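One structure is given below, encoded as structure tokens.
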Amino acid sequence: MMPDIPLPHPAALRLRLDRAALAANWAALDALSGAARTGAAIKADCYGLGVAAVVPVLAAAGCRDWFVAHWQEAAEAVRFVPAEQVSVLHGPINDAEAAYARVLGVRPVLNSLAQVRRWLAAGGGPCDLMVDTGINRLGLPLTDVGAPEVGQLELVTCMSHLASADEDCAQNAVQLARFRDVAGSVAAQRYSLCNSAGIALGSEYHFDLTRPGLALYGGVPRGELAGLITQVAHPEAAVIQVRALSAGDSVGYNATFTAPAAMRVGVISVGYADGYLRCWSGRGHVLWQGQRLPVLGRVSMDMTIVDLSAAENCGEGDWLGLEYALPEASATSGLSQYELLTLMGRRYSRNI
Ligand SMILES: *Cc1c(COP(=O)(O)O)cnc(C)c1O
């Protein structure tokens, strides 16, 4: 018999999910997508926020089309949504993956003629096709679109992916024109081109289905989305020690901050192992009861030191919010909005 081990104590680090904001972001993107349906990219554990917390909220909002990258992510997704709503972007790179797709009942996104043949040889069935219109990453080359095997597929979604939708540049129109040609020559139930940023490029980009990820989770990849999208992920860390510094005391590794006068500081339970990288050293802020408190000195692996001078009543065990609105946090840290979300790591209590 195993001895009874008490459940792990909740972490002094938590990721508060604003479910109302998440649902509202999906609804805003759905409205902006016009007549097109709006799906959700839920790869990388919903960009780090947690499938178990996010997917039920999006499903309740009306989402019925889900995109994961890996096969094991598909297995997680089907715990929450019907398998036939799930597409696996990475495609079947061997026969075992093709067989797995059929067993699980999810749709593979086929990315090459080899994958098309593999899927047909495995017995086929409903599937999606990614066509590369210029990102030169995953997808069937345009030169292979006319291959007879493509015509044998039971194609649900024919899609392509924009490389530079977050910029105003000629590449967007080039990819749009190429995808229009593809849509004219490949028979599918529906066509899909847009990620979050693409949705803001206008109705001619929308086709039948859009696939936002970042903006669902509070990212703002284009200015047009600024007023429509709200922060969803709110990382919070507890104070684990308070200390009084005298003038001349330095804090943290390499003593990069020295107190100019006596001051109160707090050590909070978040560090670079939690994705709060060293780029926040001396730059980040935390929020407490309306006060904005600066990060002092170096961020370390499990801890960060903050100035509590303006937060006299803040003490051990109190929760501080990291300032983490994605567009601003990206400008301050130099990290992309995507990295800010997906970096956060495993130690946060999620689904709170
Ligand atoms: C990740 C991904 C998306 C979502 O992109 P965002 O920029 O996060 O909105 C859509 N389509 C494909 C193929 C993707 O890989």
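Results, tabulated for the structure shown:
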quantity: The stretch 286-299, residues that are within 22 Å of Thr258 (Cβ to Cβ) and surrounded by 17 or more Cβ atoms within 10 Å (Cβ to Cβ); calculated: Val286, Leu293, Val295, Leu296, Gly297, Arg298, Val299
quantity: Qualifying residues in the stretch 200-217 (those that are part of a loop (DSSP other than H, G, I, E, B) and more than 11 Å from the ligand (Cβ to nearest atom)) - the one surrounded by the most Cβ atoms within 10 Å (Cβ to Cβ); calculated: Phe207
quantity: Index of the failed condition, Ser269 passing every other in (1) touching a helix residue (DSSP H, G or I) at 6+ places or on another chain (Cβ under 8 Å); (2) more than 16 Å from the ligand (Cβ to nearest atom); (3) not hydrophobic (A, V, I, L, M, F, W, C); calculated: (1)
quantity: Residues of the stretch 226-261 that turn out to be more than 19 Å from Tyr276 (Cα to Cα) and either assigned to a loop (DSSP other than H, G, I, E, B) or of a type in the set (Val, Ile, Thr) (or both), as a count; calculated: 14
quantity: Tally of residues being over 17 Å from Asp132 (Cβ atoms) and within 8 Å of the ligand (Cβ to nearest atom) across the stretch 175-198; calculated: 2
quantity: Residue satisfying all of: in the stretch 1-26; in a loop (DSSP other than H, G, I, E, B) and touching a residue at least 40 places away in the same chain (Cβ under 8 Å); nearest to Cys46 (Cα to Cα) among these; calculated: Asp18
quantity: Filter result (outside any strand (DSSP E or B), touching a strand residue (DSSP E or B) at 6+ places or on another chain (Cβ under 9 Å) and small (Gly, Ala, Ser)) within the stretch 291-331; calculated: Gly297, Ser309, Ala310, Ala311, Gly315, Gly317, Ala329
quantity: Which numbered condition Arg283 misses (of (1) surrounded by 20 or more Cβ atoms within 10 Å (Cβ to Cβ); (2) in contact with a helix residue (DSSP H, G or I) (Cβ under 9 Å, 6 or more places away or on another chain)); calculated: (1)
quantity: Positions within the stretch 146-174 being polar (S, T, N, Q), within 15 Å of the ligand (Cβ to nearest atom) and either over 16 Å from Asn195 (Cα atoms) or assigned to a loop (DSSP other than H, G, I, E, B) (or both), in sequence order; calculated: Ser160, Ser164
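Residues are listed down the side, and each one gets a yes or a no for (1) touching a residue at least 40 places away in the same chain (Cβ under 8 Å); (2) at positive phi:
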{"site": "Phe207", "(1), (2)": "yes, yes"}
{"site": "Gly218", "(1), (2)": "yes, yes"}
{"site": "Gly227", "(1), (2)": "no, no"}
{"site": "Leu245", "(1), (2)": "no, no"}
{"site": "Gly252", "(1), (2)": "yes, yes"}
{"site": "Val270", "(1), (2)": "yes, no"}
{"site": "Leu293", "(1), (2)": "no, no"}
{"site": "Arg298", "(1), (2)": "yes, no"}
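Laboratory data are not the source of any read-out in this text; all were calculated from the coordinates shown. As the structure is a computational prediction, the values presented were derived from the model and not from experiment. Don't worry about glycine lacking a Cβ; one is built from the backbone with ideal geometry, like all the others, and counts go over all protein chains shown.
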